[in-house]
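Colleague: Please read through the structure below; I'll follow up with questions.
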Amino acid sequence: MANHKSSLKRIRQDKVKTLHNRYYAKTMRNAVRKLRSMTDKEEAVKLYPVVQKMLDKLAKTNVIHQNKAANLKSALCKHVATLG
């Protein structure tokens, strides 16, 4: 167990941040999964900008890595383009 006041506070803050990041990462994964499962092009085209914005925000706040966000956006864009 930590002995210093500052390390105890850091532990408390880390718990809160971890919960926050886990929530948004899970929300992002669900949105990506939903977009990948779509077969209707119109709906996918409507949802893609929402998911793209979410990925950019999470990369900006370091919840996910910038390259991961870029790779996901690229793959999703490719998926939306192939829908007929």
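Read-outs throughout are calculated quantities, based only on the coordinates presented, and are distinct from any laboratory measurement. In this text, all values refer to a predicted model and were calculated from it rather than measured experimentally. No Cβ is skipped: glycine too gets one built from the backbone with ideal geometry, and neighbour counts run over all protein chains shown.
Colleague: Quote the FRET efficiency, to the nearest 0.05, computed for R12 versus K60 with a Förster distance R0 of 35 Å and r equal to the Cβ-Cβ distance.
Modeller: The value I calculate is 0.90.
Colleague: Still on this model: Over the chain, what is the relative contact order in percent, taking alpha-carbon pairs closer than 8 angstrom and at least six residues apart?
Modeller: Relative CO of the chain lands at 31 percent.
Colleague: Given R₀ = 25 Å, what would the calculated FRET efficiency be for H79 paired with Y24, taking r from the Cβ atoms and rounding to 0.05?
Modeller: With a Förster radius of 25 Å, E is 0.70.
Colleague: Note the count of lysine pairs whose C-alpha atoms are less than 21 angstrom apart in the stretch 39-83, limited to pairs 8 or more residues apart or on different chains.
Modeller: 15
Colleague: By a straight-distance test (C-alpha under 22 Å), which lysines pair with K5 as possible cross-link partners, with residues fewer than eight away in the same chain excluded?
Modeller: The qualifying lysines are K15, K17.
Colleague: Moving on to the next point. What would the Debye formula give as log10 I(q)/I(0) at q = 0.13, 0.14, 0.16, 0.17 Å⁻¹ for the alpha-carbon point model of the chain, no solvent?
Modeller: -0.50, -0.55, -0.65, -0.70
Colleague: Per DSSP H run of n ≥ 4, the term is -39500 (n - 2.57); total these for the chain, divide by its residue number, and report the mean residue ellipticity at 222 nm rounded to 500 deg cm²/dmol.
Modeller: -29500 deg cm²/dmol
Colleague: Continuing with this model, one more query. Taking each pair of different alpha-carbon atoms in the stretch 39-83 once, compute 1/r for the pair, average those values, and report the inverse of that mean as the Kirkwood hydrodynamic radius in Å to one decimal.
Modeller: On the way: mean 1/r = 0.0931 Å⁻¹.
Taking the inverse mean of 1/r over all distinct Cα pairs, the stretch 39-83 comes out at 10.7 Å.
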